[in-house]
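J.: Quick one: this structure, given as structure tokens, is what I'll be asking you about.
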Amino acid sequence: MTGLSLAAGWATSISYTLEIYFDFSGYSDMAVGLGKMFNIDIPFNFLSPYRAVSITEFWRRWHITLGKALSTYIYIPLGGNRKGLTRTCINLFLTFLVSGLWHGAAWTFVLWGVLHGMFVVIERIVRDRKLLIIPKPVMVFLTFLIVNALWVLFRADGFLQAAEIYKGMINFGNIGILQLDTVVGASTGINFPVMIDVFYLLGFEIILMGVVFKCKNSAVRLEKFAPSKKELYFAAVLFSIAMLCLSRQNVFIYFNF
């Protein structure tokens, strides 16, 4: 993947940011639902993580079970926050380094974990010393940008591929909206007119971003779960579509971890 325009670079990164969210969140919700069928309460693993106001809060909302495991078996045994700010920051950094290694034996995963650890440490220092007061919407936006940028490292096959995407994301000399056609065309294998591909991708991402930031998450919906007949019919249609697609092999992203 070389020579990405600004639009293509951001579309590529945001597409994966949305893909891993809906893939892993949906996979976890399925586990919760299947558990309910057998009267087993499985904890929710996601609580709208992209609405977090900091990287620290992001990790309280994303992959909650992994966060609890790392806290129990790494952070707390190292001393947690009981030995002063400096030691707390070191413990946080080491915990996120382990998180990177847990996801895979590749330097991209290690750097991904290290950078998350660095941001968490910076936030801890800023919070303890009360250095910044920023409006919540701005913090949500900045946090999302950081998470989105770091997902590039998580997904890339290596540093060279990640660098190409990052170059596209800051390629302000080439907006290149029409290059989105190559991004969509490469994934679908269908030669639609250029503008149809562009509107398809942008429209789809806008809709999904609306779901991420505006819709109630599964945990909130379950508290007041009382399906109407329309919702039951809609669920039946979705179930039928799912049954028709059983012949396809769509492996969940986190099956790799």
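J.: Towards the positive end of the charge dipole of the range 13-84, with charges on Cβ (+1 Lys, Arg; -1 Asp, Glu), say which of Leu66, Gly79, Pro49 has the farthest Cα.
T.: Gly79
J.: Please work out which option in [x] 1.00; [y] 1.16; [z] 1.12 gives Cα Rg over 2.2 N^0.38 Å calculated from these coordinates, and answer with its label.
T.: Only one option fits the structure, namely [z].
J.: For a protection proxy built on the mean count of beta-carbon atoms within 10 angstrom, sort 33-46, 3-16 highest first, please.
T.: Top to bottom by mean Cβ count within 10 Å: 3-16, 33-46.
J.: Right, another one. For the chain, what does the relative contact order come out to in percent, with C-alpha contacts under 8 Å and a separation of six or more?
T.: Relative CO of the chain lands at 31 percent.
J.: Mind checking which of Gly9, Phe159, Thr95 is farthest towards the positive end of the chain's charge dipole, using Cβ charges of +1 (Lys, Arg) and -1 (Asp, Glu) about the Cα centre?
T.: Of the candidates, Thr95 comes out farthest on the positive side.
J.: Determine, for each peptide in 90-101, 150-161, the mean count of other beta carbons within 10 angstrom over its residues, then list the peptides with the highest first.
T.: 90-101, 150-161
J.: Run the dipole for the chain about the Cα centre, Lys and Arg Cβ at +1, Asp and Glu Cβ at -1, nothing else charged, and hand back the magnitude in debye, nearest 20.
T.: 1120
J.: Kindly state, to the nearest 0.05, the FRET efficiency for Leu97 paired with Ile170, given R0 = 35 Å and r defined as their beta-carbon distance.
T.: 0.85
J.: Let me ask something else. Determine the share of the range 47-93's accessible area contributed by carbon and sulfur atoms, expressed in whole percent, with a 1.4 angstrom probe.
T.: Carbon with sulfur: 62 percent of the solvent-accessible area.
J.: Nearest 20 debye, what's the magnitude of the dipole of the range 37-105 about its Cα centre given +1 on Lys and Arg Cβ and -1 on Asp and Glu Cβ?
T.: Here the size comes out at about 240 debye.
J.: I've got another one for you. For a 29 Å ceiling on Cα separation, which of these pairs sit above it: Lys68/Lys224; Lys68/Lys136; Lys167/Lys216; Lys167/Lys214?
T.: Lys167/Lys216; Lys167/Lys214
J.: Compute the distribution of all C-alpha to C-alpha distances in the range 191-240, in bins of 5 Å from 0, and list the percent of pairs in each, rounded to whole numbers.
T.: All Cα pairs, binned at 5 Å, distribute as 4, 16, 12, 16, 20, 14, 10, 6, 3 percent.
J.: Give me the distance in nm between label points sitting 7 Å out from Cα along the Cα-to-Cβ direction at Gln161 and Leu244, one decimal.
T.: The modelled label-to-label distance comes out at 3.2 nm.
The values are calculated or read from the model by the stated rules, or taken from the named source; none is laboratory data. Not measured: the values here are computed from a predicted model. Here Cβ is always computed from backbone atoms with ideal geometry, including for glycine, and neighbour counts include all displayed protein chains. Ligands, DNA and RNA are stripped out before the accessible areas are found, and what is left, the full protein with its side chains, is counted by its heavy atoms. Shrake-Rupley method; radii C 1.70, N 1.55, O 1.52, S 1.80 Å.
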